[in-house]
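Notes follow once the structure below has been shown.
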Amino acid sequence: EAELESEDPNNVSLGIGGRPDQNVHFKDNYYYQYSKINGENPTPQNEIFITQDQYLKEADLKEKSTYINKLKWSENKFDFSSLERNKYPLLKNYSDQEGIDIPKDSEHMVEKNGKVETMINEQNTESNTQEISEIEKELPYEVFSYAENEIALYENATIITAENGTKAKREEQIYVKDGKLYVLDGNLPMKVDQVILDSYNGKEYETILGTDGKLYDLKEPLHYPQNFVNENIKSITNNLHTEYKITTVTYQDGSTLKFNYQTGKVIEENKIEKEESIWEYIRKQLSKKQELIDIDTANYEESNELIRKLEELPVEEAIEQENNRESQGSVEEIFDNIIGIENQELSSKYKDHYLTSYDSKTQKFVVYKEEDLLNVNNKLVETENEKIEKNNLTQYAIANKVNSDNRYGIIWIIGIIIAILIGLAILNRRKNK
């Protein structure tokens, strides 16, 4: 970690300044990603011979595994307990060490032309650039504009292009409907662009057409017509560019059904009538496949509850509270900082937006932060669930438990009140007799 100044930009480097081409011979060398070279963060232009995988961020510097596995530091020589105080590891057997603070990324990113100049990470290495170029040879299914980004949806990926032209690839399928972002798991066996995405009456709808010819409701179920046949579906019309709650289902035999998915009302139906032998009927029954997509929506509400907690207390703030727990005062003050006050108006300090997505591998809903998904400097995007688990943040579990206990407490009180009222009614009735 360094801040370097040099009159000769060709003879300055986080490694060997006079001969930066020799940096490639270093082993187990790593550099802080937001160091400064003549007032700028390192980039492939001013640090030609340092590769992206040699840079570490704030989160990396807080992990003991970084020093053990990457820097090869020995536990016999270094004291890692200082990491809990946001200090670099200390040398063992040396007294009176105050320690050096681990840098905060937000305080070391250089602003240029009003925008933060961050490192061009692996996303923009040659291999990733070629991969994106290969994908872009095909025509995208959809192209959306969202938060000053262009979002292009392809068969097996989504390409995000920032305002400055920097691109990032996402395995997820990202859609925009009525100014709202939707993220679908890229591993779902579904037909791209064959979706119904909507939000109304306080509920969210995500319905997809599986490759097995069936419709799957990932969140709230659509209203289907009576006796709706959910098999052998060839295609559906998506609702991405219309305000009407209408879709047309086309079956393999050419039959079509147009209906309002908000009410279930049939608007138009065109059946292809053809005689079917008993043997054809038996063959179809025997060849019927089981559900291709196994959806367990039990924890959907849990993910929405987590979003409510994240809006009150973002993960980054929770990590900071965890690190400064000793200086936060009484248990009551810490508790209030963690869960907030019930029904308290959200602080204007937090502007983060979150969204839920069904994970086909875990069969559970996960929560994404929009900023992480759209940040083209992120090669891999962590869900908020992964951040919470990685940092062992018990705040959210405590908050959920407290809310649950509050609900049960209210139910218990209501039950007592009802019992008292019934008792008084019985006594009053006996008294009147």
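The table for this structure:
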read-out	value
Gain upon complete extension [LYS265, SER65; 0.36 nm per residue less C-alpha separation]	66.1 nm
Length gained when the stretch SER199-GLN130 is fully extended (0.36 nm per residue, less Cα-Cα span)	21.1 nm
At q = 0.22, 0.27, 0.29 Å⁻¹, base-10 log of I(q)/I(0) for the range 15-59 (Debye sum, equal scatterers on each alpha carbon)	-0.76, -1.13, -1.26
Contact order normalised by residue count of the range 19-90, Cα under 8 Å, 6+ apart, percent	25
Restraint check, LYS191/LYS390; LYS180/LYS234; LYS167/LYS214; LYS70/LYS379, Cα-Cα greater than 31 Å	LYS191/LYS390; LYS167/LYS214
With DNA, RNA and ligands ignored, accessible area of GLU273 (1.4 Å probe; Å², nearest 10)	150
Per-q log10 I(q)/I(0), the range 1-83, q = 0.11, 0.14, 0.18 Å⁻¹ (Debye; single scatterer per alpha-carbon; no solvent)	-0.33, -0.52, -0.79
Where labels lie 7 Å past Cα in the beta-carbon direction, separation of ILE295 and ASP178 in nm	1.8
Spin-label model distance (nm) - TRP73 vs GLN97, 7 Å beyond Cα toward Cβ	0.8
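The values are calculated or read from the model by the stated rules, or taken from the named source; none is laboratory data. Bear in mind that the values here come from a model prediction, so they are computed numbers and not experimental data. When we count neighbours, we look across all protein chains shown, and the Cβ atoms used for this are built from the backbone with ideal geometry, even at glycine. Each accessible area value is taken on the protein alone, full model and side chains, heavy atoms only, with ligands, DNA and RNA left out. Shrake-Rupley method; radii C 1.70, N 1.55, O 1.52, S 1.80 Å.
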